[in-house]
Structure formats: structure tokens, C-alpha cells
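Beneath this line is the structure, given in C-alpha cells, with notes to follow.
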Amino acid sequence: MKYFRKMIEHFIPVNDAEWAHACEMFEVKRVKKGTRVHCAGDVFGEIWFIKSGLARSYLTDINGKDHTWQLYFRGKSKHGLNHFMDDSVSFYEKTGSMLNFEVLEDSVFYVTSLETLDKFIMQEKKWETLARIWLHNTYYSSTYKRVLSLMSETAAERYTRLLDEYPLILKQVKSYHIASYLGVAPQTLSKLKK
């Protein structure tokens with residue numbers, strides 16, 4: 001959790017007692033490769049902070065084809081947007097998630113319920129401030145940019161953007177997941193790599 005404390009302290013000061021209290025709400029979960037930790041159709045009620053490993057969220061279209069929505073890993077990234085996974089739309093709207101969440105290699109997570117996290121955030125103004133910053137940086141900003149990118153950029157431009165934002169992604173994620181994330185066929189990704 002030291003890594004997350006360091007991330008948090010970029011935005012708000014946290015003393016040792018506050019940090020200890022924050023850590024109490026999380027459980028460490030070790031998850032094996034290939035495990036689906038959440039199935040589409042169920043309400044998503046947790047938040048998973050990645051300590052180590054690799055995961056993805058994806059939806060399956062009516063033809064049975066998977067489309068990767070997001071990749072999650074504790075790697076070097078320009079924005080640090082992929083360190084935790086949840087589907088807060090599903091949670092707050094009390095509707096079944098459209099996403100499946102799958103672990104792609106043996107991984108370790110810090111997990112708590114979104115309900116517990118909400119109660120914690122409401123205890124003090126600085127935690128609310130942090131939540132607003134992370135909501136903007138992680139959800140609004142990244143989703144906004146991703147959708148606009150898919151609508152307006154060529155496959156080559158999306159690939160270049162991905163490498164700029166996540167320089168080590170090709171070493172961490174299998175090509176077919178990257179192709180799905182970019183919205184291109186695996187053959188197109190092979191051409192882009194060349």
C-alpha cells in the first residue's frame with residue numbers, strides 16, 4: 001500500500017494514523033490467472049486496486065466477440081489511470097454491469113466494497129477532494145479521450161497514443177488484448193508494430 005500512499009500524497013497530505021485507518025478497509029486478494037472476478041449482468045460492488053499482476057475488463061457483443069474496455073496493471077504509465085478496476089456506473093445505478101473482469105496473470109489486489117469506500121470518503125473533506133480528482137483523472141478524462149480517439153483517430157494514431165501513455169505495454173499485455181483495446185484486428189496490430 002506504500003505505492004498508493006505515495007500516489008495519494010501527490011494530491012492530499014496523509015499522516016500515519018489516517019493512512020492506517022484507510023488501510024483497514026482493504027483485504028488482500030491473490031487471484032490466479034484466468035479467473036473472472038466479475039461477470040457481466042451482475043452489479044459490481046467492489047473496487048480492486050492492483051498491487052501486482054495484470055487484468056482486463058471487456059464486453060462481449062451479440063456475435064460473441066470480446067472487446068477489451070480497459071487493461072489494468074501496475075506498470076509504468078504516463079497517467080497512472082489503470083491501477084484500479086471497478087464499475088461504479090453499475091454500482092450507483094444498481095444495474096448489471098456490461099463488463100466482465102478477468103485476471104490475465106497471477107495477481108494481487110487490495111479490495112474493498114464501494115459502499116465501504118463511500119462511507120470512508122464522506123468522513124473528511126480531503127478524502128472527498130481526492131475522490132473528485134481521481135474520478136476526473138481516471139474515469140471522466142480517460143473515457144472522454146478514449147471515445148474521441150476511437151471516433152477520430154486512425155489505427156496508427158491510436159497505437160502511437162497507447163505507446164506514449166503506456167510505454168511498456170507491449171511487454172506486459174498479449175497482442176490480441178492490445179488489438180481488441182485499440183479496436184483493430186490482430187493482423188492490423190502486427191502491421192502497426194512494423
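Scalar couplings 3J(HN,Hα) for region 57-65, obtained by applying the Karplus form with A = 6.51, B = -1.76, C = 1.60 to θ = phi - 60°, are 10, 8, 10, 10, 7, 5, 8, x, 8 Hz; x denotes Gly and Pro.
Note on the chain: dipole from Cβ charges, positive end direction compared against M151, H136, F120; the farthest Cα belongs to M151. A simple spin-label model places pseudo-atoms 7 Å from Cα toward Cβ; at E115 and Q187 they are separated by 5.0 nm. Taking the inverse of the mean reciprocal distance over all distinct Cα pairs, the Kirkwood hydrodynamic radius of the chain comes to 17.7 Å. Summing Cβ point charges (Lys, Arg +1; Asp, Glu -1) relative to the Cα centre of region 77-171 gives a dipole of roughly 340 debye.
Sparse packing (at most 14 other Cβ atoms within 10 Å of the Cβ) combined with a DSSP loop state is found for the following GluC sites (Glu not before Pro) in region 1-103: E9, E24.
Of all the options Q70, Q172, Q123, the one that moves most in a Gaussian network model of the chain with Cα springs shorter than 10 angstrom is Q123.
Take the Cα coordinates of region 86-172, assign each an equal point scatterer, and use the Debye formula without solvent to give log10 I(q)/I(0) at q = 0.11, 0.14, 0.16, 0.17 Å⁻¹. Debye curve over Cα of region 86-172, log10 I(q)/I(0) at q = 0.11, 0.14, 0.16, 0.17 Å⁻¹: -0.48, -0.77, -0.97, -1.06. The residue among A179, F49, F109 whose Cα reaches farthest toward the positive pole of the charge dipole of the chain, with charges on the beta-carbon of Lys, Arg, Asp and Glu, is A179. Of the trypsin sites (Lys or Arg not before Pro) found in region 1-66, the ones in coil according to DSSP and having at most 13 other Cβ atoms within 10 Å of their Cβ are K32, K33, K65. Apolar share of the accessible surface for region 6-60: 51 percent from carbon plus sulfur atoms, 1.4 Å probe.
Between A20, F73, T95, the Cα set farthest toward the positive side of the dipole of the chain (charges on each charged residue's Cβ, about the Cα centre) is that of F73. In this structure, the amide hydrogen of K33, modeled 1.01 Å from its nitrogen in the peptide plane, lies closer than 5 angstrom to those of D106, S107, counting only residues at least 5 positions away or on a different chain.
Placing +1 on each Lys and Arg Cβ and -1 on each Asp and Glu Cβ, with no other charges, gives the chain a dipole about its Cα centre of roughly 920 debye. Each helix, a run of at least 4 DSSP H residues, gives -39500 (n - 2.57); summed and divided by the residues of the chain, these come to -11500 deg cm²/dmol at 222 nm.
Relative contact order for the chain: 26 percent, from Cα pairs under 8 Å spaced at least 6 residues apart, divided by residue count. Under 25 Å of direct C-alpha separation, and excluding same-chain neighbours fewer than eight residues apart, K193 reaches these lysines: K65, K76, K78, K145, K171, K174. Counting only lysines at least 8 places from K125 when in the same chain, those with an alpha carbon closer than 24 Å to its own are K2, K6.
The values are calculated or read from the model by the stated rules, or taken from the named source; none is laboratory data. All values reported here derive from a predicted model rather than from experimental measurement. Positions of Cβ are backbone-derived with ideal geometry, glycine not excepted, and every protein chain shown enters the neighbour counts. Heads up: the accessible areas ignore ligands, DNA and RNA and are worked out on the full protein's heavy atoms, side chains in. Shrake-Rupley method; radii C 1.70, N 1.55, O 1.52, S 1.80 Å.
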